[in-house]
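Before any comments, here is the structure.
Please treat every number below as a calculation from the coordinates, not as lab data. It should be emphasised that the depicted structure is a prediction, and the values quoted were computed from it without experimental measurement.
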Amino acid sequence: MAIMITDECINCGACEPECPNTAIYEGGVEWTWGGGTNLKEVTLEDGTVVSGSEKQDPVSDEFYYIVTAKCTECNGFHEEPQCAAVCPVDCCVDDPDHRETEDELLAKKAFLHGE
């Protein structure tokens, strides 16, 4: 499953630089598919093709957030999710709405990084 940041986030920013997929963004900041990945363009589920550099709406305006579609729980990079390891208030937790197997997470890593 992906990791999510709860509303207990104190906006310290410790998690953001730890993410190997650049899936973590400050509240209110737009995100991109290409940031921290090798993606030049992405075909969305509805068939829409978007540029990897096209800015996407923030998931949260209030606190740091994780883009679920870019989160691999650090599979293929680290033994555990690095955001959770460095969070001083333990607000980086498993997202019960986005459950994925290790194989699915590794496939997502390969997709994001062109491997």
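Laid out as a table, the results:
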item	result
Stretch gain in nm, segment Leu106-Glu26, where the contour uses 0.36 nm per residue and the Cα spacing is subtracted	26.3 nm
Length-normalised contact order of region 58-106 in % [C-alpha pairs under 8 Å, at least 6 apart]	33 percent
Mean Cα-pair separation over length for region 3-113, i.e. relative contact order, pairs under 8 Å, 6 or more apart, %	35 percent
Helical mean residue ellipticity (222 nm; -39500 (n - 2.57) per DSSP H run of 4+; nearest 500) of the chain	-4000 deg cm²/dmol
All-pairs alpha carbon distance profile, the chain, 10 Å steps from 0, percent	15, 47, 33, 4
Nearest-ten-degree value, helix 102-113 long axis tilted from longest Cα axis of the chain	60 degrees
Part-to-part distance (alpha-carbon centres) for region 48-86 and region 1-31, which is given in Å	7 Å
Gained length - Cys12 relative to Asn38, 0.36 nm times residue gap less alpha-carbon distance	6.6 nm
Segment Asp57-His98, extension gain: residue separation times 0.36 nm, minus the distance between their alpha carbons	12.8 nm
